[in-house]
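The next block holds one structure in the form of structure tokens; read it before the comments.
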Amino acid sequence: MTNTVELRGAALRFGSRELWSGLDLDLAPGEFLTVLGPNGSGKTSLLKVLLGLQPLAAGTVKVCGQTPRRGSDLVGYVPQQKSFDASLPLRGRDLVGLGLDGHRWGLPRANRADREKIDQVISDVGAMAYAASPIGMLSGGEQQRLRIAQALLGDPQVLLCDEPLLSLDLKHQAEVSGLIDARRRSRGTSVVFVTHEVNPVLPITDRVLYLVGGRWAIGTPDEVMTTERLSELYEADIDVLRVRGRVIVVGSPDSAHSEPGGSHHHHIENDDHGHGH
């Protein structure tokens, strides 16, 4: 079975600043890759490369054997959790329906086959009970389920998730993570999961890609999340503690990902404009 994502010697630069280079990555069908690193290390930018929105400065990228392009059904995208305005006249199922034509905002008149598809993905994520409610009236966890449904509409082979747990409480973090895990197990969908907080997805993570200041490490959580490996990456003294099955990173210049639940860090900038540490 061929890899869903292949990066070879991949580099990304903004002006004179190199976010990362020499990146080689093979992602297998059904594999769950968690992407970690401080703000400005190029995590969101990596997703943009895989979405065909951001060209590499060097190297090659293939997604499902093809050059990434905008609006491809092969790739589903779950954006950062941002609350919708309570007065937005958009129902839950309308939001999901935008996935039919995600690169053009506007509500296509869904035919019966489309409506059945929309019902199916809403049912898959357990959101039928509030699919007819105005999106702005729903909780963050409910909105996030509908965003996942939207991302699954094209039956993608790769699911790209950008901080999908941000501002969710622990219960909803577990539910959203479980939903994505169930999808990749049942359908062999590869997952690239950008997060500041590894703990909610630690049990389901196959490998970690850790990006710091132009350097990177890739391996299983046990290989990467160690005092020695992270100290090497950060070029600083980092301690990695394991407490009751949780990983706690101490001493990193940007330790947002070591906060319980990540809830104290709502100031996460888009990586492109973040500040290197």
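Any read-out appearing in this document is the output of simple, stated calculations on the displayed coordinates, not a laboratory observation. Note that the coordinates shown come from a computational prediction; the quantities given were computed from them, not determined experimentally. Cβ atoms come from the backbone with ideal geometry, glycine included; neighbour counts cover every protein chain shown.
Sorted from largest down, give the three principal axis spans of the alpha carbons of the chain, whole angstrom values.
For the chain, the Cα spread along each principal axis is 57, 39, 35 Å.
For the chain, take the longest principal axis of its alpha carbons; what is the angle in degrees between that and the long axis of helix 170-187, to the nearest 10 within 0 to 90?
That helix lies at roughly 80 degrees to the long axis.
How large is ³J(HN,Hα) for each residue in region 199-213, as worked out from phi by the Karplus curve 6.51 cos²θ - 1.76 cosθ + 1.60 (θ = phi - 60°), to whole Hz, x for Gly and Pro?
4, x, 10, 4, x, 10, 7, 7, 9, 10, 10, 10, 10, 9, x
Once fully extended, how much extra length lies between Ala28 and Ser133, figured as 0.36 nm per residue of separation less the alpha-carbon to alpha-carbon distance? Could the numbers behind the result be given before it?
Numbers: separation 105, 0.36 × 105 = 37.80 nm, distance 3.73 nm.
Taking Ala28 through Ser133 to full extension adds about 34.1 nm, to one decimal.
With everything on Cα atoms, drop me the angle between helix 140-152 and the longest principal axis of the chain, reported from 0 to 90° to the nearest 10.
Between the helix axis and the principal axis of the chain, the angle is about 80 degrees.
Please list, in order, the residues from region 187-228 whose amide nitrogen is less than 19 Å from a point placed 7 Å along the Cα→Cβ vector of Arg244.
It comes to 197-204, nothing else.
For a quick check: sort Arg69, Arg112 by the number of other beta carbons within 10 angstrom, fewest at the front. Let's see the in-between values first.
Working: Arg69 12, Arg112 7.
Ordered from fewest to most neighbouring Cβ atoms within 10 Å, Arg69, Arg112 come out as Arg112, Arg69.
Along Cα→Cβ, 7 Å out, is where each label goes; now give me the distance between the ones at Phe14 and Leu53 in nm to one decimal.
1.3 nm
Could you name the lysines in cross-link range of Lys62, using Cα to Cα under 24 Å and dropping any fewer than eight places away on the same chain?
Within reach: Lys43, Lys48.
Please label the shape of region 133-243 as rounded, prolate or oblate, based on the square roots a ≥ b ≥ c of the eigenvalues of the alpha-carbon gyration tensor (a/c under 1.5 means rounded; beyond that, a/b larger than b/c means prolate, else oblate).
Numbers: a/c = 2.37, a/b = 1.80, b/c = 1.31.
Since a/c reaches 1.5 and a/b is larger than b/c, the shape of region 133-243 is classed as prolate.
Roughly how tilted is helix 112-124, in degrees to the nearest 10 and between 0 and 90, from the longest Cα axis of the chain?
Taking Cα atoms only, the helix is inclined about 50 degrees.
Once phi is turned into ³J(HN,Hα) by the Karplus curve 6.51 cos²θ - 1.76 cosθ + 1.60 with θ = phi - 60°, what whole-Hz value does each residue of region 65-77 show in order, with x for glycine and proline?
Rounded to whole hertz, the list is x, 10, 5, x, 9, 4, x, 7, 5, 5, 10, x, 10.
Report, by chain and number, residues whose modeled amide H sits under 5 Å from the one on Gln81, excluding near sequence neighbours (fewer than 5 apart, same chain).
Distant-sequence amide H within range of Gln81: Leu166.
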